[in-house]
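The values are calculated or read from the model by the stated rules, or taken from the named source; none is laboratory data. Just so it is clear, the model here is predicted, and its values are computed rather than measured. Each accessible area value is taken on the protein alone, full model and side chains, heavy atoms only, with ligands, DNA and RNA left out. Shrake-Rupley method; radii C 1.70, N 1.55, O 1.52, S 1.80 Å.
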Amino acid sequence: MSVSGIEAVGGFTPLATPQLDATSGVKGAAGSSAVDGSKEFGNLVLDGIDRLQSVQSTSDQLAVKAATGDLDAIHHYTIAASEAAVTTQLTVAVRNKALEAFNEIMRMPV
Amino acid sequence: MGAFDMLRIAGSSLGFHQTWLDTLANNIANVNTIKPTSGSAFQAQGVIAQAQQGGGVAVAGITQGDPTGRLEYQPDHPLADANGYVRAPEIDMATQMTELVMAQRGFQASVQVTKDAQETYQSALSIGRG
């Protein structure tokens, strides 16, 4: 009588941590200027601000449409507005953190 | 995939349910629309949902109801034919109202998803704050 061994649990793949590659970094307004290889923090913030500007201008255009009655659906504006709000908060949070880090370095005794 | 996919998907659902609500409003508005027997009756509209590739839902098409409708004997009606018949739309009001509740609940659920998405993003923003 032959007993087959216990098979390994099939189909289970361990969770892979997300990898940030150079091409899929924070995209600019036109979606073209990916973060370059050097990945400077300043560029990261600048690209974030570019994206913020495009999101906010979309929201502004929809706000004008809402005022003039050309809005197709209410949720188009409300979703764009909340997207703009969250993006603004994120950009401001990143900026605050950057300033905090800068001040921390400035306070460093030499 | 973007950072705001949850919002985008909920938004597509809002759009779909709004189209559904629009068709139901049109059906209910035309429940008493009488047509002459020479033409076709008002056709009740329905929406076909389709899942999207990158997530979300879209309106794949609008179905048109039975153009035959229901023949009604209304000899006093200005559109009545020689035999006194007119064509009324074949719309079941109970079905329309039930679907209206379904579409409304679906819309409300999607609104709740957008609210939860905002809350989720807010809690993600609070990481490392303070």
Of all accessible heavy-atom area on the range B:34-130, the percent that carbon and sulfur account for (1.4 Å): 54 percent
Degrees, to the nearest 10: B:5-29 long Cα axis against longest axis of chain B: 20 degrees
Chains A and B together, accessible area buried on both sides, 1.4 angstrom probe, square angstrom: 1100 Å²
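So how do A:Asp72, A:Asp50 rank on accessible area, 1.4 Å probe, biggest first, that is with the largest at the start?
I get A:Asp72, A:Asp50, largest accessible area first.
Would you mind estimating how fast the range B:12-130 diffuses translationally, via Stokes-Einstein at 37 °C and 0.692 mPa s with the Kirkwood radius over Cα pairs, in µm²/s?
Values: Rh = 17.1 Å.
Calculated translational D: 192 µm²/s.
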Fraction in percent of alpha-carbon pairs per bin - 5 Å, the range B:44-86: 6, 19, 13, 11, 10, 9, 8, 7, 7, 5, 4, 1
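Under a 1.4 Å probe, what is the accessible area of the range B:18-127 per residue, stated in Å²? If you can, show how the numbers build up before the last one.
Values: 6470 Å² over 110 residues.
In whole numbers, the range B:18-127 has 59 Å² accessible per residue.
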Solvent-accessible surface (1.4 angstrom probe) belonging to B:Asp76, in square angstrom, nearest 10: 150 Å²
Principal-axis tilt of helix B:93-125 within chain B, Cα atoms, nearest 10 degrees: 10 degrees
Percent breakdown of C-alpha pair distances by 10 Å bin, ordered from the shortest bin, for the range A:49-99: 28, 43, 21, 7, 1
